[in-house]
Amino acid sequence: MERPKLGLIVREPYASLIVDGKKVWEIRKRSTRHRGPLGIVTGGRLIGQVDLIGVEGPFSVEELLKHPEKHLAEEAFLRAYAGEAPLYAWVLANPQRYTKPLWVPRRPGRIMFVDLSEVAW
């Protein structure tokens with residue numbers, strides 16, 4: 001599997017659900033043009049990777065509630081996260097959890113994506 005150059009910051013328990021293959025949609029407020037390998041970063045550690053194969057949406061919360069098996073998010077979370085905005089489903093495939101998580105150097109201003117070029121593989 002190709003090493004990702006970009007990492008996505010994801011909170012637990014969602015990060016583990018993604019790399020374990022149980023969560024195949026990552027819900028975000030924005031779409032992305034990125035496709036291909038994507039590292040999953042949580043708590044300052046790169047815990048695994050997936051392939052980002054597409055983006056679906058925009059969706060309302062009501063539309064997302066029809067697919068709980070894909071995003072595994074509770075209704076209350078979706079409503080609080082969305083506010084009045086539409087949401088997008090980043091479609092994930094080929095999950096891989098790393099045997100040993102890798103430390104990701106901190107950089108100011110990180111909100112969603114992380115440059116993984118400084119990770120010691």
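Readers should treat all values here as calculations from the given coordinates under stated rules, not as data from a laboratory. Nothing here was measured: the structure is a model prediction, and the numbers come from that model. In this analysis, Cβ positions are derived from the backbone assuming ideal geometry, glycine residues included, and neighbour counts consider all displayed protein chains.
Only one of 50, 114, 41, 10 is out of contact with any Leu (no Cβ under 8 Å at 6 or more places or on another chain), hydrophobic (A, V, I, L, M, F, W, C) and surrounded by 18 or more Cβ atoms within 10 Å (Cβ to Cβ); which?
On the way: 50 fails: out of contact with any Leu (no Cβ under 8 Å at 6 or more places or on another chain); 114 fails: out of contact with any Leu (no Cβ under 8 Å at 6 or more places or on another chain); 41 fails: out of contact with any Leu (no Cβ under 8 Å at 6 or more places or on another chain).
Going through 50, 114, 41, 10 in turn, just one is out of contact with any Leu (no Cβ under 8 Å at 6 or more places or on another chain), hydrophobic (A, V, I, L, M, F, W, C) and surrounded by 18 or more Cβ atoms within 10 Å (Cβ to Cβ): 10.
Can you tell me which residues in segment 5-37 are touching a residue at least 40 places away in the same chain (Cβ under 8 Å) and assigned to a strand (DSSP E or B)?
Selection gives 6, 7, 8, 9, 25, 26, 27, 28.
Identify all residues within segment 50-73 that are in contact with a helix residue (DSSP H, G or I) (Cβ under 8 Å, 6 or more places away or on another chain) and either among the aromatic types (Phe, Trp, Tyr) or part of a helix (DSSP H, G or I) (or both); write none if there are none.
61, 64, 71 - these are the residues of segment 50-73 that are in contact with a helix residue (DSSP H, G or I) (Cβ under 8 Å, 6 or more places away or on another chain) and either among the aromatic types (Phe, Trp, Tyr) or part of a helix (DSSP H, G or I) (or both).
Is one or more of the residues making up segment 74-88 on the phi < 0 side of the Ramachandran plot, in a strand (DSSP E or B), touching a residue at least 24 places away in the same chain (Cβ under 8 Å) and in contact with a Lys or Arg (Cβ under 8 Å, 6 or more places away or on another chain)? Give the steps one after another, and end with the answer.
Keep residues of segment 74-88 that are on the phi < 0 side of the Ramachandran plot, which gives 74-82, 84-88.
Of the ones still in play, those that are also in a strand (DSSP E or B) are 87-88.
Subset that is touching a residue at least 24 places away in the same chain (Cβ under 8 Å): 87-88.
The next check asks that each one be in contact with a Lys or Arg (Cβ under 8 Å, 6 or more places away or on another chain); those that pass are 87-88.
Within segment 74-88, one or more residues are on the phi < 0 side of the Ramachandran plot, in a strand (DSSP E or B), touching a residue at least 24 places away in the same chain (Cβ under 8 Å) and in contact with a Lys or Arg (Cβ under 8 Å, 6 or more places away or on another chain).
Since residue 104 meets every condition but one in (1) free of Cβ contacts under 8 Å to residues at least 40 places away in the same chain; (2) touching a helix residue (DSSP H, G or I) at 6+ places or on another chain (Cβ under 9 Å), which condition does it not meet?
Unmet condition: (1).
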